[in-house]
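What follows is a short report on a single structure.
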Ligand code: 13P
Ligand code: SF4
């Protein structure tokens with residue numbers, strides 16, 4: 001039964017004590033997050049990993065790229081475990097390293113040595129390593145503005161991987177006009193741009209989040225029509241059009257902080273992953289909270305981490321069996337850590 005599984009998790013956690021650490025991303029299910037030793041957005045989880053020197057086993061409740069980041073930032077003797085290897089991220093998969101190297105060559109031919117690559121942490125370790133090698137950094141949705149600003153102190157232009165929406169929303173907020181941004185399509189090896197390419201300041205990799213893409217202009221218009229006194233709060237992985245029509249946009253931590261500070265009786269339509277929206281609804285009964293898209297939008301890969309998988313990895317650990325370990329090779333780590341540290345230094 002669920003209760004038996006929960007008891008078993010508690011028992012193993014108690015037995016391992018400080019040797020075991022369970023970080024959990026805000027999009028994780030309640031059945032998992034209840035056992036997290038720390039919860040956070042992507043930036044907080046990276047910071048927590050970088051600081052944790054004590055835990056021998058880090059059972060990461062999030063997706064594959066987050067576990068890779070944890071492995072890069074922790075010591076050699078610390079083992080990072082992902083409870084379900086199928087917990088990937090469709091956005092991270094939209095920038096593959098061979099495609100990126102090939103694209104970089106064309107971008108260099110077009111712009112010379114004037115471009116700094118930045119990657120959203122929602123990317124593979126190989127992409128972080130690529131970015132680190134060429135002087136760039138990682139960014140998360142909570143520090144993207146600072147990082148893009150920093151990037152422009154280094155080079156005239158940026159290449160932003162792999163989320164075109166976070167890249168566009170951030171650059172726009174910093175005053176880069178939309179007509180100075182080009183989409184790079186890695187499938188056609190071409191820019192999607194109508195003007196003079198030399199005027200481009202921001203090159204946006206053509207990737208997106210399949211969860212946040214589900215929040216549409218139509219959803220915003222419906223809320224505005226039906227409930228004009230509702231505040232609309234979205235994640236910057238939503239499209240430029242949706243962010244522009246919303247009242248507030250920010251990372252998952254920003255969304256949580258905004259709702260916590262909001263007065264009782266206030267009304268909110270939130271455009272982010274289902275588990276977080278449901279948790280906010282349950283934790284803030286004094287406020288009226290709905291999902292911006294009335295059909296709740298789950299991240300199916302995040303949701304693969306569930307109580308049975310968490311228990312399974314812990315039970316194996318208890319039998320001295322490390323399963324589903326995430327290991328980033330040393331060469332990849334050496335450059336990826338440069339990209340991550342450039343970010344952590346600015347945050
Ligand atoms: P943040 O944790 O930076 O808000 O990112 C959201 C997300 O999509 C994680 O995969
Ligand atoms: Fe990837 Fe989007 Fe899921 Fe985050 S919410 S893990 S970006 S697919």
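Brief remarks on what is shown
- Of all residues in region 65-77, those that are surrounded by fewer than 23 Cβ atoms within 10 Å (Cβ to Cβ) and out of contact with any helix residue (DSSP H, G or I) (no Cβ under 7 Å at 6 or more places or on another chain) total 3.
- The set of residues from region 43-67 being within 16 Å of ligand 2 (Cβ to nearest atom) and modelled with pLDDT of 85 or more comprises 44, 45, 60, 61, 62, 63, 64, 65, 66, 67.
- Region 253-273, subset within 16 Å of ligand 2 (Cβ to nearest atom) and at pLDDT 95 or above, residue nearest to residue 146 (Cα to Cα): 254
- Residues satisfying the stated conditions in region 43-63, i.e. touching a strand residue (DSSP E or B) at 6+ places or on another chain (Cβ under 9 Å) and not in a helix (DSSP H, G or I): 52, 54, 55, 56, 57, 58, 59, 60, 61, 62, 63
- Number of residues in region 240-254 that are surrounded by fewer than 17 Cβ atoms within 10 Å (Cβ to Cβ), touching a helix residue (DSSP H, G or I) at 6+ places or on another chain (Cβ under 9 Å) and not in a helix (DSSP H, G or I): the value is 1.
- The condition of being farther than 18 Å from residue 81 by Cβ and in contact with a helix residue (DSSP H, G or I) (Cβ under 8 Å, 6 or more places away or on another chain) holds for only one of 300, 307, 338, that being 338.
- Odd one out for residue 300, checked against (1) within 16 Å of ligand 2 (Cβ to nearest atom); (2) surrounded by fewer than 21 Cβ atoms within 10 Å (Cβ to Cβ); (3) touching a residue at least 24 places away in the same chain (Cβ under 8 Å): (3)
- Checking each residue in region 5-38 for being under 11 Å from residue 58 (Cα atoms) and within 16 Å of ligand 2 (Cβ to nearest atom) picks out 23, 24.
- Selection count, region 79-90, where residues are more than 17 Å from the chain's Cα centre (by Cα) and in a loop (DSSP other than H, G, I, E, B): 3
Okay, residues lined up against (1) touching a strand residue (DSSP E or B) at 6+ places or on another chain (Cβ under 8 Å); (2) touching a residue at least 60 places away in the same chain (Cβ under 8 Å); (3) over 21 Å from residue 112 (Cα atoms):
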residue	(1), (2), (3)
158	yes, no, no
165	no, yes, yes
169	yes, yes, yes
173	no, no, yes
186	yes, yes, no
189	no, yes, no
193	yes, no, no
203	yes, yes, no
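- Test: residue in region 255-262 that is part of a loop (DSSP other than H, G, I, E, B), buried (at least 22 other Cβ atoms within 10 Å of the Cβ) and within 16 Å of ligand 1 (Cβ to nearest atom): no
- Within region 203-222, considering residues that are within 16 Å of ligand 1 (Cβ to nearest atom) and assigned to a helix (DSSP H, G or I), the one farthest from residue 290 (Cα to Cα): 213
- Residue 267 being outside the structural domain of residue 168 (by TED's automatic domain parsing) and touching a helix residue (DSSP H, G or I) at 6+ places or on another chain (Cβ under 9 Å): no
The values are calculated or read from the model by the stated rules, or taken from the named source; none is laboratory data. Because the structure is a prediction, the values reported are computed rather than measured. Because the Cβ atoms are built from the backbone with ideal geometry, glycine has one as well, and the counts that use them run over all protein chains shown.
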